[in-house]
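Report on the structure given below.
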Amino acid sequence: MSAPVWLWITLGGVVGGLLMIDVLVVHRTPSVVTLRRATLESAVWIAISLAFGTLVWASLGAAAGGEYYSAYLTEKALSVDNVFVWAVILAHFRVPREFQHRVLFWGVMVALVLRFGFISLGVTLLGRLEWLFYVFGAVLLVTAWRLVSSSETDVDPDAGRMLRLARRVVPSVPEFNGQHFLVRHEGRLVATTLFFVLVAIETTDLVFAVDSLPAVLALTQDRFVALSSNAFAVLGLRALYFMFADLHGRFRYLEPGLAIILAFVGLKMILEAGIGSLTLHISTPISLGVIVVVLGGAITASMSEARSTAAPSR
């Protein structure tokens, strides 16, 4: 399938327009994002994402629509870990709550560029090097195993190489200055603490972008579907952060659920590429159904256990 030019223009216009409205209207002035506001904003982002999926479905067909929703749901679920890492970084640097949205806005902007670059490169390489299907499939299986076998470790924002390098080469002042990343100090331009927070966030975005690339390309190799589904999943990350940053412990079964999904799409990628004379195609409706059922089951089980744990004993 190949998206027409008008659909690409629509995607660019919608994404650009939403970002402009977000930074110039909704979050024009620094403010603390409440749970109620974050929930409302997250619902709006999800509604827009699902609505765009209907446009993909109507314009490119049911197969493309199913691939869009499969990739969107998978990327959205994978992004939850990214949200929890953001929470650790912002708490580590003690970023005032009213400045958090601005630094995450620019974090998402760079994340969009990274995802677009990685996905475009991945689609091109898969079209030329068929053996990469096996490599990406193996990466997904290893990632799935890591999710269920590795113990939880603490994230140390100061340990990142990019952050250490930035601190060595960029002149700075050890303080915040409103929402500014750079300020004038004693006649020269220097970085504020918020700049280094952005560097730490972008470093994690780079890691998550590399990890999520095989998952998206296992579900679709159509450039437009992969890019659009990723874009809308990333756009809603900030609202998701303000909803879930403090609730990591309540989603106990999310990572096992993600492991099942990653193992499934990894095997799908390998089987569709073929093992010897065996080639098995897993249809888009089946893929979407597996993702919805596993994610729904993981979230439901997590919330049910959280409620039973929080309930007072009689």
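Side notes on the structure shown:
- Test: residue in the stretch 117-130 that is farther than 30 Å from D22 by Cα, touching a residue at least 60 places away in the same chain (Cβ under 8 Å) and outside any helix (DSSP H, G or I): yes
- L147 at pLDDT 85 or above, surrounded by 17 or more Cβ atoms within 10 Å (Cβ to Cβ) and either at positive phi or of a type in the set (A, V, I, L, M) (or both): no
- Scanning the stretch 154-170 for residues that are within 13 Å of V85 (Cβ to Cβ) and either at pLDDT 85 or above or part of a loop (DSSP other than H, G, I, E, B) (or both) gives D154, V155, D156, G160.
- Evaluating E75 against the criteria (1) in a helix (DSSP H, G or I); (2) in contact (Cβ under 8 Å) with a residue 24 or more places away in the chain; (3) within 17 Å of Q221 (Cβ to Cβ); (4) out of contact with any helix residue (DSSP H, G or I) (no Cβ under 6 Å at 6 or more places or on another chain) leaves one unmet condition, (4).
- Cβ-Cβ distances below 9 Å connect the following pairs, each with a first residue in the stretch 183-208 that is part of a loop (DSSP other than H, G, I, E, B), a second residue that is charged (D, E, K, R), and a separation of six or more residues or different chains: T192/E175.
- Criterion (modelled with pLDDT under 90, in contact with a Lys or Arg (Cβ under 6 Å, 6 or more places away or on another chain) and either of a type outside the set (D, E, K, R) or surrounded by 15 or more Cβ atoms within 10 Å (Cβ to Cβ) (or both)) met by exactly one of V83, V32: V32
- Within the stretch 36-55, restricting attention to residues that are more than 20 Å from the chain's Cα centre (by Cα) and of a type outside the set (S, T, N, Q), the residue that is surrounded by the fewest Cβ atoms within 10 Å (Cβ to Cβ) is R36.
- Matching residues, the stretch 1-60, being touching a residue at least 60 places away in the same chain (Cβ under 8 Å), in a helix (DSSP H, G or I), hydrophobic (A, V, I, L, M, F, W, C) and within 15 Å of V225 (Cα to Cα): L7, W8, L11, V15, F52, V56, L60
The values are calculated or read from the model by the stated rules, or taken from the named source; none is laboratory data. Computed from a predicted structure; not experimentally measured. Cβ sites come from the backbone with ideal geometry, for glycine too, and all protein chains shown count toward neighbours.
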